[in-house]
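Read the structure below first, then the notes.
The values are calculated or read from the model by the stated rules, or taken from the named source; none is laboratory data. Because the structure is predicted, anything quoted here is derived from the model rather than measured. With ideal geometry, Cβ positions are generated from the backbone for all residues, glycine too; neighbour counts draw on all protein chains shown. Only protein heavy atoms, including side chains, enter the accessible area calculation; ligands, DNA and RNA are left aside. Shrake-Rupley method; radii C 1.70, N 1.55, O 1.52, S 1.80 Å.
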Protein chains: 2
Amino acid sequence: MAQETDGSARKTVDKAMRVLNAFTHERSEFAIGELARELDMHKSVVSRLVAALRRWRILEQDPDTRLVRVGVGAFRLGSIFATRQNIVRVVTPYLGALVARTGHSAHAVLLDGNRALVVATVESPHALRVIMRVGEHRPLHSTASGKIFLALGDPALLLATERERGLARFTAGTVADPARLRAQLTRIRREGIAWNEGENNPGAGGVSAPVLDEGGNVVAAISSVFPLNVVDAAERAALGKETLLAAKRASQAFAASVEPPAPGAARARRAPRRAPAAGKERETPRLSSAGRARR
Amino acid sequence: MAQETDGSARKTVDKAMRVLNAFTHERSEFAIGELARELDMHKSVVSRLVAALRRWRILEQDPDTRLVRVGVGAFRLGSIFATRQNIVRVVTPYLGALVARTGHSAHAVLLDGNRALVVATVESPHALRVIMRVGEHRPLHSTASGKIFLALGDPALLLATERERGLARFTAGTVADPARLRAQLTRIRREGIAWNEGENNPGAGGVSAPVLDEGGNVVAAISSVFPLNVVDAAERAALGKETLLAAKRASQAFAASVEPPAPGAARARRAPRRAPAAGKERETPRLSSAGRARR
DNA sequence: AAACGCAGTTGCCTTATCAGCAACAAGTAT
DNA sequence: ATACTTGTTGCTGATAAGGCAACTGCGTTT
């Protein structure tokens, strides 16, 4: 079948991952047949893959309905990531403080490929509030936090975003014109905060500021989100200031938290070493690649 | 190699999962070679598996040290589980309230195979406190929450636990005698709460109570943990009462939260149907199986 | 009731994929 | 400089995976 020369394929694993990737917050349960249809694989293949993943509890299956769901094993793995990522731990308290001061929901996102991944949220106590869930993905060009990554992250990210799906239009306000987006990004670089005025969801706006490591690289973005119709210009300005402040504090806390001399550190960690030749990279198949933010 | 007749194997996926399973909170980074040694696989195999998983960001690799870590893709999956599991969402506020009243750390655990998995924690504000991290696994027979599952969950769980590793002894207080353990379980069933007096960690004790669904099945356990030496009998009794109360409230909240009529529910869900023949089950290879709590 | 349809699992056989080896590439220690 | 590391990659025989079709449970239809 003349598979394009891809040195390390491990196609079976790839298929298993395609199965896992089908699960999202919106669609968190599938019948075997559904998966097969959606992924264009044969029933028997999906059935056997699911069985394999089930053995490790990465997936689970409702004994009654036979619907397949994400399992506790996936949660275990994810929690390892969350623990290691100081960011999540470090940033959460600042989100809480931010919400307490502003009254609007706040969240933190990480870059995941060429989308932003929500990794922590604190909800506003108000009845009218914007809700965001941990694990949700958001586009880069139509959200405040996304723009932070586009403006301050790897330039390749912007190129990939434009190329990929083009700049999809979600609302009337979405900035779908590359030139206008670039103009916004320049401004963001200057001011240090990014705005979104109903460009992703009608009626919902946001401000975002970067969490930076000691080298000045963006590691995450903190955002406040609010209903556009009840927040006037003055309040928005204040909200921007507060968000920026929270992000700055979080940056300091993050820098301070990185690799604390490791109390009971046992395993030797060799001195830094540049990655070797590395061949053709090509991360995440069929979704094309986006260079990760350099460190 | 006459692999024992296991109808659906998907051995490559299994190997990939063995790689993932190597990662824990204690060991969250590996060199490729380390993994190969530990899993008794060849360097080249691990290298290619890691490359495959990296493409989906389930794993990631430090560009400098080349150490392999759990990636953001795993976090994404895990968060889907966490969201779907109302338990985590529902229970957390009650943990907070419990800590506020008692001053001791509290956490919630789910059953993961034949261990308990910590899924939510709230720490005590005191300087002297017991700390537990989300994602940690704890044995069933030497922890309060574990005993809840043994006492109120599927009876097969107890058998599997005894068979598996025997009742490993962690401290002088560990109940390693099956008969004594069963006696404790009987009492737990009667009283509705379980105690641990330094049986897992010397000096640390805990009380746990079950979160039950509408059918009376254990879906989770809530525990308060405390330093044994500063908590006298009177305080322990109060702590037990509070923990039980929190668990009861959480149970009600959980029952109320299950499947809210599904507002925009689109996909048809067929009527319940018992799982078919199902062949030889055998969950989680090489760790033997433990029947899941029946529903 | 009996027949049909649908979803999921499983045995069999062919073919494609993977494990192992060894060479190589990069970096580190002697 | 030279000898060890550790990780990646081309190559080829051995193995594991895919497709098919049969079969099992169930629910629905005539």
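A search for C-beta distances below 6 Å between a residue of the range B:72-94 that is closer than 9 Å to A:Ala74 by Cβ and any residue that is open to solvent by 10 Å² or more (accessible area, probe 1.4 Å) and among the aromatic types (Phe, Trp, Tyr), counting only pairs 6+ apart in sequence or on different chains, returns B:Gly78/A:Phe75; B:Phe81/A:Phe75.
Only one of A:Leu67, A:Leu35 is within 11 Å of chain B (Cβ to nearest Cβ) and within 12 Å of DNA strand C (Cβ to nearest atom). Can you tell me which? Break it down stepwise before answering.
Working: A:Leu35 fails: within 11 Å of chain B (Cβ to nearest Cβ).
Residue meeting the stated conditions: A:Leu67.
When you look at A:Pro125, is it out of contact with any strand residue (DSSP E or B) (no Cβ under 9 Å at 6 or more places or on another chain) and more than 8 Å from chain B (Cβ to nearest Cβ), yes or no? For A:Pro125, the condition - out of contact with any strand residue (DSSP E or B) (no Cβ under 9 Å at 6 or more places or on another chain) and more than 8 Å from chain B (Cβ to nearest Cβ) - is met. The numbered conditions (1) farther than 21 Å from A:Leu128 by Cα; (2) open to solvent by less than 40 Å² (accessible area, probe 1.4 Å); (3) not β-branched (Val, Ile, Thr) are all true for A:Asp177 except (2).
Exactly one residue out of B:Gly206, B:Gly166, B:Gly173, B:Gly240 is without any contact (Cβ under 8 Å) to a residue 40 or more places away in the chain and within 20 Å of B:Ser105 (Cβ to Cβ), and it is B:Gly173.
Here is a yes/no grid of residues against (1) under 30 Å from A:Lys11 (Cβ atoms); (2) modelled with pLDDT of 90 or more; (3) not charged (D, E, K, R):
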| position | (1), (2), (3) |
| --- | --- |
| B:Trp56 | yes, yes, yes |
| B:Val72 | yes, no, yes |
| B:Gln85 | no, no, yes |
| B:Pro93 | no, no, yes |
| B:His107 | no, yes, yes |
| B:Ala120 | no, no, yes |
| B:Ser124 | no, no, yes |
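Assess whether A:Ser47 counts as being more than 12 Å from DNA strand C (Cβ to nearest atom), over 30 Å from A:Lys241 (Cβ atoms), within 13 Å of chain B (Cβ to nearest Cβ) and of a type in the set (Gly, Ala, Ser). Reasoning before the result, please.
Details: more than 12 Å from DNA strand C (Cβ to nearest atom): no; over 30 Å from A:Lys241 (Cβ atoms): yes; within 13 Å of chain B (Cβ to nearest Cβ): yes; of a type in the set (Gly, Ala, Ser): yes.
So A:Ser47 fails the test.
The residues in the range A:6-32 that are more than 12 Å from DNA strand C (Cβ to nearest atom) and either more than 21 Å from the chain's Cα centre (by Cα) or of a type in the set (Lys, Arg) (or both) can be counted, and the count is 2. All told, B:Ala22 meets the bar of being away from DNA strand D (no atom under 11 Å from the Cβ), at pLDDT 90 or above and out of contact with any Pro (no Cβ under 9 Å at 6 or more places or on another chain).
Just wondering, is there one or more residues in the range B:28-42 that are more than 18 Å from A:Ala16 (Cβ to Cβ), open to solvent by less than 20 Å² (accessible area, probe 1.4 Å), outside any helix (DSSP H, G or I) and of a type outside the set (A, V, I, L, M)? The answer is yes, given that some residue of the range B:28-42 is more than 18 Å from A:Ala16 (Cβ to Cβ), open to solvent by less than 20 Å² (accessible area, probe 1.4 Å), outside any helix (DSSP H, G or I) and of a type outside the set (A, V, I, L, M).
Going through B:Ala265, B:Ala255, B:Ala290, B:Ala233 one at a time, which residue ends up being away from DNA strand C (no atom under 16 Å from the Cβ), modelled with pLDDT of 90 or more and not hydroxyl-bearing (Ser, Thr, Tyr)? Walk me through how you get there before you give the answer.
Working: B:Ala265 fails: modelled with pLDDT of 90 or more; B:Ala255 fails: modelled with pLDDT of 90 or more; B:Ala290 fails: modelled with pLDDT of 90 or more.
Exactly one of B:Ala265, B:Ala255, B:Ala290, B:Ala233 is away from DNA strand C (no atom under 16 Å from the Cβ), modelled with pLDDT of 90 or more and not hydroxyl-bearing (Ser, Thr, Tyr), namely B:Ala233.
Taking the range B:143-174 as the range and being open to solvent by less than 10 Å² (accessible area, probe 1.4 Å) and within 20 Å of B:Thr243 (Cβ to Cβ) as the test, the residues that pass are B:Thr143, B:Ala144, B:Ser145, B:Gly146, B:Lys147, B:Ile148, B:Phe149, B:Leu150, B:Ala151. Condition first: open to solvent by less than 10 Å² (accessible area, probe 1.4 Å) and in contact with a Phe, Trp or Tyr (Cβ under 9 Å, 6 or more places away or on another chain). Can you find one or more residues in the range A:210-218 that meet it? Scanning the range A:210-218, I find at least one residue that is open to solvent by less than 10 Å² (accessible area, probe 1.4 Å) and in contact with a Phe, Trp or Tyr (Cβ under 9 Å, 6 or more places away or on another chain), so the answer is yes.
Would you check if A:Arg133 is at negative phi, open to solvent by 50 Å² or more (accessible area, probe 1.4 Å), under 24 Å from the mean Cα position of the chain (by Cα) and within 9 Å of chain B (Cβ to nearest Cβ)?
On the way: at negative phi: yes; open to solvent by 50 Å² or more (accessible area, probe 1.4 Å): yes; under 24 Å from the mean Cα position of the chain (by Cα): yes; within 9 Å of chain B (Cβ to nearest Cβ): yes.
It is true that A:Arg133 is at negative phi, open to solvent by 50 Å² or more (accessible area, probe 1.4 Å), under 24 Å from the mean Cα position of the chain (by Cα) and within 9 Å of chain B (Cβ to nearest Cβ).
As a summary of the residue check, B:Arg163 satisfies the conditions (1) on the phi < 0 side of the Ramachandran plot; (2) in the same structural domain as B:Asn21 (by TED's automatic domain parsing) except for the one numbered (2). Reported count of residues in the range A:70-98, each being in contact with a Leu (Cβ under 6 Å, 6 or more places away or on another chain) and more than 9 Å from chain B (Cβ to nearest Cβ), is 0. Just one of the numbered conditions (1) more than 23 Å from B:Ala253 (Cβ to Cβ); (2) open to solvent by 70 Å² or more (accessible area, probe 1.4 Å) is not true of B:Glu199: (2). For the range B:13-23, how many residues are touching a residue at least 12 places away in the same chain (Cβ under 8 Å) and at the interface with chain A (Cβ under 8 Å from one of its Cβ atoms)? Qualifying residue count for the region: 4.
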